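Novice: My questions will all concern the structure given below.
Since every read-out is calculated from the coordinates, none of them should be taken as a lab result. Remember, predicted model here, so these are calculated numbers, not experimental data. Every residue, glycine as well, gets a Cβ built from its backbone with ideal geometry; the counts of neighbours run over all protein chains shown.
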Ligand code: AHR
């Protein structure tokens with residue numbers, strides 16, 4: 001039998017808070033992310049409340065989604081908020097030039113977004129238009145949403161909402177290096193300073209300003225943003241997607257992959273650790289106190305669109321592989337919780353690595369959803385340092401640790417340890433030394449499935465779902481875990 005993998009959790013050396021905003025989700029006007037996925041309007045055949053599907057909202061409420069980022073993405077930098085307020089019949093119908101060239105009815109606008117937030121119980125992360133909007137337009141949107149008085153507040157009241165809304169997070173554009181305006185870093189940093197100047201919170205409130213950050217390993221971007229704009233902003237974002245099979249454009253199939261495709265994608269997920277380390281090192285130079293967050297506000301797997309789906313809708317199935325991609329990321333964010341205070345998986349419903357897929361009145365929860373559910377106790381918990389002496393799992397040219405993990409002490413005092421076995425062929429036994437913790441019992445949940453590409457569909461929605469885990473025991477301060485191949489396990493210690 002293989003030697004057990006030695007893990008130490010230092011419950012006696014509590015680290016930073018695992019911010020609940022790490023579980024932020026991104027909902028863009030893209031494909032069926034909003035229309036069909038969240039919003040069904042007055043379609044009576046799909047039960048809804050004020051236009052938003054009851055089934056999807058209930059599933060999101062269960063996840064305790066803390067924040068929703070909206071309306072884009074690339075969509076944000078050509079979104080004009082005035083087109084999405086007032087009587088729906090009078091709102092202009094535009095072309096969504098980024099995503100599929102379909103018409104955008106503007107039926108979901110500012111008021112509808114805040115209704116979604118109310119139903120889900122989440123806070124607003126609004127992404128402003130720097131690309132083809134003006135600082136004045138941005139300032140007026142912020143005023144429309146947040147001002148207690150004045151003519152924009154009156155207009156908001158006339159449109160149905162007297163009280164100002166809270167906008168705790170505001171994005172100063174998106175991907176200014178690309179779809180947000182193809183800017184060079186120094187220019188983008190200057191533009192960010194200028195636009196951020198006019199994002200003003202009413203007295204007694206705060207709006208945290210998030211600068212559009214780097215693409216993958218563009219360290220020069222982070223350097224310029226920090227050097228030039230750090231006195232105007234509160235966070236810098238980072239976008240990194242896992243693209244197996246050779247990068248951009250996305251070409252790997254979401255379901256029809258073999259073990260090489262599994263290893264390629266999981267190695268891609270591990271890359272996030274190195275990226276955060278390198279971007280954070282630059283941020284440390286300019287902000288050693290770590291006032292400014294690194295907000296990884298787009299992450300996840302991006303495959304070729306599912307066969308037969310609308311071009312530009314980024315619709316992809318979600319398999320057990322995606323569950324592991326999610327758990328690896330959530331573990332990496334624990335390691336960097338001193339700087340990473342917000343991340344947003346892309347995206348919420350029907351787009352990229354989605355939590356939820358819908359088709360007409362049907363809904364299915366993806367393996368990624370279940371991982372987010374299992375990691376819920378991490379929200380605002382305290383990170384406990386973990387060391388994992390794992391052997392490598394290697395397939396073809398991809399090598400990575402066979403086990404990923406993280407640990408936290410939740411707000412109620414309970415300790416949670418997440419462990420993922422990346423090896424699709426071998427179970428691994430893990431012995432966890434619990435320094436500073438006198439645990440008497442353990443319970444847990446496991447997510448695994450028969451095949452690496454097992455997934456949930458509308459006809460078989462429960463192929464991949466969490467089950468009670470009985471493979472862990474504690475004795476004399478040591479936790480022993482029999483970790484099945486290709487699995488995510490979340491343990492709770494008593
Ligand atoms: O999430 C899809 C797209 O990916 C977003 O609109 C953009 O910001 C990124 O390139």
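Novice: Let a ≥ b ≥ c be the square roots of the eigenvalues of the Cα gyration tensor of the stretch 62-200; is it rounded (a/c under 1.5), or, if not, prolate (a/b larger than b/c) or oblate?
Specialist: rounded
Novice: Subtracting the Cα-Cα distance from 0.36 nm times the residue separation, let me have the gained length for residue 227 to residue 435 in nm, one decimal. Please list the in-between numbers first.
Specialist: Working: separation 208, 0.36 × 208 = 74.88 nm, distance 4.07 nm.
Length difference between fully extended and current span is 70.8 nm.
Novice: Relative to the longest principal axis of the chain, what angle (0 to 90°, nearest 10) does the C-alpha long axis of helix 185-197 take?
Specialist: 60
Novice: Report the semi-axes of the equivalent ellipsoid for the stretch 356-459 in whole Å, largest first, where each axis is √(5λ) for an eigenvalue λ of the Cα gyration tensor.
Specialist: Its equivalent ellipsoid spans semi-axes of 28, 22, 11 Å.
Novice: A further question follows. Consider just the alpha-carbon atoms of the stretch 1-47 and return their Rg together with their Dmax, both in angstrom.
Specialist: Every Cα atom of the stretch 1-47 included, Rg and Dmax give 22.1, 60 Å.
Novice: Which residues does a label at residue 494 reach in the stretch 442-475, if reach means a backbone N under 11 Å from a point 7 Å past the Cα toward the Cβ?
Specialist: 442-444
Novice: How many angstrom lie between the C-alpha centres of the stretch 58-123 and the stretch 368-412?
Specialist: 33
Novice: I'd like the orientation of helix 219-229 relative to the chain: the angle between its Cα long axis and the longest Cα principal axis, in ° from 0 to 90, rounded to 10.
Specialist: 50
Novice: I need to check one value: relative contact order of the stretch 133-218, counting alpha carbon pairs closer than 8 Å and at least 6 residues apart, in percent.
Specialist: 35
Novice: Taking only the C-alpha atoms, wrap a convex hull around the stretch 279-329 and report its volume per residue in Å³ as a whole number.
Specialist: So the per-residue Cα hull volume is 110 Å³.
Novice: While we're looking at this one, here's another question. Can you say what percent of the DSSP beta bridges in the stretch 18-380, counting only those with both residues inside, are antiparallel? Round to 5. Spell out each step's value before the answer.
Specialist: Details: 9 of 42 bridges.
Once the DSSP bridges in the stretch 18-380 are tallied, antiparallel ones form about 20 percent.
Novice: Want the number for residue 259 to residue 118: 0.36 nm per residue separation, take away the alpha-carbon distance, what's left?
Specialist: Full extension of this stretch gives 46.5 nm more.
Novice: Okay, which of the stretch 150-178 sit inside 17 Å, backbone N to the point 7 Å along the Cα-Cβ direction of residue 200?
Specialist: Backbone N within reach: 150-154, 167.
Novice: Another question about this same structure. Between residue 387 and residue 411, what is the label-to-label distance in nm when each label sits 7 Å out along the Cα-to-Cβ direction?
Specialist: That separation, rounded to one decimal, is 3.2 nm.
Novice: Based only on the alpha carbon positions, what is the Kirkwood hydrodynamic radius of the stretch 129-212, in angstrom? Don't jump to the answer; show the numbers that get you there.
Specialist: Numbers: mean 1/r = 0.0744 Å⁻¹.
Hydrodynamic radius (Kirkwood, Cα pairs) of the stretch 129-212 is 13.4 Å.
Novice: I've got another one for you. Kindly identify the chain as rounded, prolate or oblate by the Cα gyration tensor criterion: order the square roots of the eigenvalues as a ≥ b ≥ c, call it rounded if a/c is under 1.5, otherwise compare a/b with b/c, prolate if a/b is larger, else oblate.
Specialist: Judged from the Cα gyration tensor, the chain comes out prolate (a/c at least 1.5, a/b above b/c).
Novice: I need the shape label for the stretch 287-424. Rule: rounded when a/c is under 1.5, else prolate if a/b > b/c, else oblate, with a, b, c from the alpha carbon gyration tensor.
Specialist: Here the stretch 287-424 falls in the prolate category.
Novice: Moving on. Taking R0 as 60 Å, what's the FRET efficiency between residue 281 and residue 361 from their Cβ-Cβ distance, rounded to 0.05?
Specialist: After rounding, the FRET efficiency stands at 0.75.
Novice: If each residue of separation counts as 0.36 nm, what is the full-extension length gain between residue 55 and residue 380 once their alpha-carbon separation is subtracted?
Specialist: 114.4 nm
Novice: Same structure again: Nearest 0.05, what FRET efficiency do residue 470 and residue 163 give at R0 = 41 Å with Cβ-Cβ as r?
Specialist: It comes out at approximately 0.25.
Novice: For the chain, what is the calculated [θ] at 222 nm in deg cm²/dmol (nearest 500), taking -39500 (n - 2.57) for each run of four or more DSSP H residues and dividing by its residue count?
Specialist: -7500 deg cm²/dmol
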